[in-house]
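Take a look at the structure set out below.
The values are calculated or read from the model by the stated rules, or taken from the named source; none is laboratory data. Computed from a predicted model, the values in this text were never measured in an experiment. Neighbour counts run over all protein chains shown; Cβ positions are idealised from the backbone, glycine included. The area values use the complete protein model at the heavy-atom level, side chains included, leaving out ligands, DNA and RNA. Shrake-Rupley method; radii C 1.70, N 1.55, O 1.52, S 1.80 Å.
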Amino acid sequence: MPALVNYSGDDELYPGGSFCSSPMELGRLYSTIGSNLDLYYPPNKRPRSILEAIEGEQHYQEPGIEVLPDECLFEIFRRLPGGKERSLCACVSKRWLMLMSSICRDEIERTTSFAETVSSDENQDIECDGYLTRCLDGKKATDVRLAAIAVGTSSRGGLGKLSIRGSNSMRGVTDLGLYAVAHGCPSLRSLSLWDVSSIGDEGLSQIAKGCHMLEKLDLSHCSSITNKGLIAIAEGCPNLTTLNMESCPNIGNEGLQALAKLCPKLQSISIKDCPLVGDHGVSNLLSLASNLSRVKLQALNITDFSLAVICHYGRAITNLVLSGLKNVTERGFWVMGAAQGLQKLVSLTVTSCRGVTDKSIEAIGKGCINLKQMYLRRCCFVTDSGLVAFAKAAVSLESLQLEECNRFTQSGIIVALSNIKTKLRSLTLVKCSGVKDIDMEVSMLSPCESLRSLAIQKCPGFGSSSLAMIGKLCPQLRHLNLTGLYGITDAGLLPLLENCEAGLVNVNLAGCWNLTDNIVSALARLHGGTLEVLNLDGCMKITDASLITIANNCLVLNDLDVSKCAITDAGIAVLSRASLLSLQVLSLSGCSDVSNKCLPFLTILGQSLIGLNIQNCNSISSSTMELLVEKLWRCDILI
């Protein structure tokens, strides 16, 4: 053999040396990882020549702890005394971090002495509180970050709420990240996954196995999660109370049925744009989950049958939202009201549903006797007669909001107000283009004494005549919002202000560009003793004269918005000299005539201000703004 390879020497093997420099170090290693652990020393060949020995010495590196396999490191890590030590070890390398995150809380070896046991129990109580919240967005959402969160939060109160929105396109969140959370965060109560296609059933199954305290689950645009993942959650998280699902194409009726059977505490559910969810899933959910109080169904392939089940089994429902149900007809909504099963229903929102007609909305008003809030949006088949019939039938109604319902006219709204037999306190009209400004005799109509809040926003046909009639019908108004009614004038608004006997508290006239200083003067004179919030944003005819009137009459005003008005430095000076005025929020955005000269006046006002908006004030220099920020350091300033 030596002749064949042409070298001298023998093949005798010599035992290798220890990778610890002394017997004491070897003893400490044994005490750390366990006395019963066997170590293997590989035999080394004797160097063939002096040159070979020298070269081997040059390439030799003393072995470190990194040479240990994962199994050994796992045993070491789970014996670390506390969360601080575990966090420090997790900072060493990605390998250590992922190993540390794979250790379940039950696998951590606790101390045995009495004092250490007490301390350990106290720390465990703190760790299980679960009051910490973490949110990962976009590029920050990776498995490594989730592992770091799982390890870091365990000794600092415990993770209670986790939200993941989007994912890193290169190395985003996968099931491995949720595996780390499931192992390290048993106190997790709320989990939100938005637009995370790389997470599937396996990740959700791990959450179900490790996070039994989970109460809220939010899934949005999670295309890889199917019924299997939802069933796992139902089996492992019996405390689940809230489920929100949106655009999850692979979750259907089976998952909902499992939730209804295995989660008896389920109280709130929202399902939107899930094509596999149909009548079977909704009917099982409603019939089995007897504690459901909040239900939201949007853009689903359900029919009249589901609404019949809702009215029959939904006796605990207090809040109901139905949107975009194209296959539900008038009969479905009529049955929902006529069956009189929704006795506890307090709030009903219906959007873009063709089945809502005059007949069905009247049945809802009669059948839901405790209905207090009604919100109709884009229901184009309801007319004035249906609105009036509903107003008469809904005996408990307190708030009515109508948005983009274009078949309502001024006549229908006025008659409905006069026929309200309830304690209606709030009426909101938004973008109702069917309302036209016509004169109408209202002397024979009954006033609505209970109405306290009136909001008419972006209804171009609503003018001065309509306001005058509403002013006569609603003498107890406290809150008035007329945003975007550019057709109203001082003459039209004045009768309403004069008929408000209770005193207005909050007035929003943003975008009413035909109003002048005269109406502001009347408002300050009639309601200055009660007015707290005034918004004149975009009223271009408002000048310093209005600020003079406000300073002299509005003694309790704390929020004033005169953005894009014809305000100058002189008007700001008047406000600063008003000794009884104590503004907290002032907005001057877009007031081009306000200049650097306003600095001393704003400084005086700043003694009480907590919010100041001087954006787009082009006559104020950047140096003046910086000086203002320095002087008013307690005030939140937008520049």
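Assorted remarks:
- Coordinate range along principal axes, alpha carbons of region 230-306, Å, largest first: 29, 22, 17
- Whole-Å semi-axes of region 362-476's equivalent ellipsoid (Cα gyration tensor): 20, 17, 12
- Straightening the chain between residue 395 and residue 555 buys 53.7 nm, computed as 0.36 nm per residue apart minus the Cα-Cα spacing.
- Listed residue pairs exceeding 23 Å between alpha carbons, taken from 359/458; 359/392; 366/423; 597/631: 359/458
- Extent along principal axes [Cα atoms of region 147-255; Å; largest to smallest]: 39, 35, 18
- Those lysines that a straight Cα-Cα span of less than 21 Å connects to residue 296, excepting residues fewer than 8 apart in one chain: 216, 261, 265, 272, 326, 344, 372
- Taking label points 7 Å from Cα along the Cα-to-Cβ direction, residue 68 and residue 344 give a separation of 5.6 nm.
- In this view, the solvent-accessible surface of residue 294, computed with a 1.4 Å probe and all protein chains in place, comes to about 120 Å².
- All other residues whose Cβ lies under 15 angstrom from that of residue 268 are scored, Lys and Arg at +1 and Asp and Glu at -1, for a net of +4.
- In a fully extended conformation the segment linking residue 296 and residue 428 would gain 45.3 nm over its present Cα-Cα distance, using 0.36 nm per residue.
- q = 0.15 Å⁻¹, region 470-509: log10 I(q)/I(0) [Debye, one scatterer per Cα]: -0.32
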